[in-house]
Amino acid sequence: MSSAADAVTDTLRELHSRFAELRDGELADYIPQLALADPDAFGLALISMDGHRYSAGAADVPFTLQSVSKPFVYALALSLLGLDEVCRWVGAEPSGEAYNAISLERGTGRPANAMVNAGAIVTTALIPGTADATGFDRILECLSRFAGRRLDVDEAVYASEVATGDRNRALAYLIRSTGLLPVDPVAAVETYFRQCAVQVTALDLAAMAATLANGGVNPLTGGVVIDEPVAAQVLAVMATCGMYEVSGDWLLRVGLPAKSGVSGGLIAAGPARFGLATYSPLLGPTGTSVRGRRALGALSERLGLHLMHNPALAGSTVTLVTTADDLPSAPTEEQERALRERVAVVAAQGALDFTAAERVLHALDEPRPEETESVVLDLRQVTGVDTVARTMLRSGLARLAEGGRRTAVVDPAGHLAVGPGGDPAAPRRFESRDEAVERAARDLGTL
Ligand code: DON
């Protein structure tokens, strides 16, 4: 039976059939085991912030993470050590060079960023083992939490890269010569090869990307994998460096933080929207899946995901600014006029962030505050207030109070509630608008 949400799957299916025709590109063969992949395999997956899963084609076919592992291990390093410490070891500038370039920052010797091999090897080496777990155990555990299921290593691919990975070993020795590798080069590279050989599907990758897009909370399991600031840091480095020497062109045309891998995986994250992933092992000259690149580009355009787009204004924040309607009626005409002139009501709805709070503050000033004596802010239809918006609204109301106005909030959910200890300057809080307005009217002696 078909459902309304199948319309999303239809979009993926349509892109799948459009780009399945494309046979350009080559299988990676510098890791011999990767050359055994099926060149026709092609899967697409999308996971929403509510954990809705959509896919088309070979979204369940296993392949190895390769470089798509890098942002997630970077996330773990940032979580364990913090941004400043990680930046001492590895930079955050686009290198403009290929993923396997033998190049380090002039002066410091740091790898340019954590998305190129040099930076990824250092990042992996930064993950300390514990009494119970090796560095790699912690990496695998973290990758699994991003995917929302227990992942494992493809031992054949691992062995294949160990057998042919001299360029990465050379890089590790070069980095150690600058003093910026905290462990033995051979050990560092072997852990890095193991993380690259972790097996996933396109649906797993979509869950991993969706977790980054969702501020570090896996939308399938609800588990907090990393803190929100770390998710933002990882997405920032993906946006500027995730596609290596074509990162600028990708941000220009597709407009999403992304990461590619030489086995054919490609992820993109639409912050607060979707996690997207494709699998197709035929690669273009920069080591990115040809079909994946085209399909994610088309999907971003179709769904309007480009980060720099001017978003359509999210539903209006302020639903009512009044000094007249919607106030309880007063016994006499004169009292009613006084009530209208002296009490202002502003109502807001939805999730309040900085942008929305600015609108509310502006609306609080709208009903000629110099003439109104009492202001009621109705937050009953508000679904959430972030810390920035809470501070702004509290200080906006405090300013009105300083200016001599009486302030009240209709806030049964306690969005503006002050913590224990209270705040003597906090506005009075009411459960209903009628109650708040009536109280304001009584205080002003108009009822
Ligand atoms: O280090 C390597 O060469 C591989 N294990 C991973 C490289 C990779 O996926 C580059 N991305 N497109």
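Being within 37 Å of the chain's Cα centre (by Cα) and surrounded by fewer than 16 Cβ atoms within 10 Å (Cβ to Cβ) is the filter here, so list the residues in the range 390-407 that pass it.
Quick first cut of the range 390-407, residues within 37 Å of the chain's Cα centre (by Cα) only: 390-400, 407.
Passing the criteria: 391, 395, 398, 399.
Of the residues 92, 75, 28, the single one that is assigned by TED's automatic domain parsing to the domain that holds residue 125, closer than 23 Å to residue 199 by Cβ, touching a residue at least 60 places away in the same chain (Cβ under 8 Å) and not in a helix (DSSP H, G or I) is 28.
Please pick out the residue among 266, 252, 296, 283 that is within 20 Å of the chain's Cα centre (by Cα), in the same structural domain as residue 112 (by TED's automatic domain parsing) and open to solvent by 10 Å² or more (accessible area, probe 1.4 Å).
252
Suppose we keep only residues that are within 11 Å of the ligand (Cβ to nearest atom) and crowded, with 23+ Cβ neighbours inside 10 Å within the range 100-116. Which one would you say is farthest from residue 78 (Cα to Cα)? It comes out as 116. Of everything listed in (1) open to solvent by 40 Å² or more (accessible area, probe 1.4 Å); (2) away from the ligand (no atom under 16 Å from the Cβ), the single unmet condition for residue 54 is (1). Here 257, 271 are screened, and the one residue that is open to solvent by 20 Å² or more (accessible area, probe 1.4 Å), in contact (Cβ under 8 Å) with a residue 40 or more places away in the chain, within 23 Å of residue 94 (Cβ to Cβ) and under 11 Å from the mean Cα position of the chain (by Cα) is 271. Scanning the range 191-213 for residues that are within 14 Å of the ligand (Cβ to nearest atom) and open to solvent by less than 10 Å² (accessible area, probe 1.4 Å) returns 192, 193, 195, 196, 197, 198, 200, 205.
Would you check if residue 387 is of a type in the set (Ser, Thr, Tyr), farther than 17 Å from residue 443 by Cβ and in contact with a strand residue (DSSP E or B) (Cβ under 6 Å, 6 or more places away or on another chain)? Talk me through it step by step, then tell me what you get.
Details: of a type in the set (Ser, Thr, Tyr): yes; farther than 17 Å from residue 443 by Cβ: yes; in contact with a strand residue (DSSP E or B) (Cβ under 6 Å, 6 or more places away or on another chain): no.
No.
Restricting 128, 182 to those that are away from the ligand (no atom under 14 Å from the Cβ), farther than 18 Å from residue 75 by Cβ and in contact (Cβ under 8 Å) with a residue 24 or more places away in the chain reduces the list to 182.
With respect to the stated conditions, residue 188 is open to solvent by less than 60 Å² (accessible area, probe 1.4 Å), of a type in the set (A, V, I, L, M), closer than 30 Å to residue 224 by Cβ and touching a helix residue (DSSP H, G or I) at 6+ places or on another chain (Cβ under 9 Å).
Can you go through 242, 223, 216, 165 and tell me which one is assigned by TED's automatic domain parsing to the domain that holds residue 61, farther than 18 Å from residue 308 by Cα, within 13 Å of the ligand (Cβ to nearest atom) and touching a helix residue (DSSP H, G or I) at 6+ places or on another chain (Cβ under 9 Å)? Even if it seems obvious, please write down each step before you answer.
Details: 242 fails: farther than 18 Å from residue 308 by Cα; 223 fails: within 13 Å of the ligand (Cβ to nearest atom); 216 fails: within 13 Å of the ligand (Cβ to nearest atom).
After ruling out the rest, the residue left standing is 165.
Please tell me if residue 68 is assigned to a helix (DSSP H, G or I), within 16 Å of the ligand (Cβ to nearest atom) and of a type outside the set (Ser, Thr, Tyr). It would help to see each step written out before you state the result.
Numbers: assigned to a helix (DSSP H, G or I): yes; within 16 Å of the ligand (Cβ to nearest atom): yes; of a type outside the set (Ser, Thr, Tyr): yes.
Against the criterion (assigned to a helix (DSSP H, G or I), within 16 Å of the ligand (Cβ to nearest atom) and of a type outside the set (Ser, Thr, Tyr)), residue 68 qualifies.
The values are calculated or read from the model by the stated rules, or taken from the named source; none is laboratory data. All values reported here derive from a predicted model rather than from experimental measurement. So basically every Cβ, Gly included, is an ideal-geometry build from the backbone, and we count neighbours across all protein chains shown. Accessible surface is based on the protein model in full, side chains and every heavy atom, while ligands, DNA and RNA are left aside. Shrake-Rupley method; radii C 1.70, N 1.55, O 1.52, S 1.80 Å.
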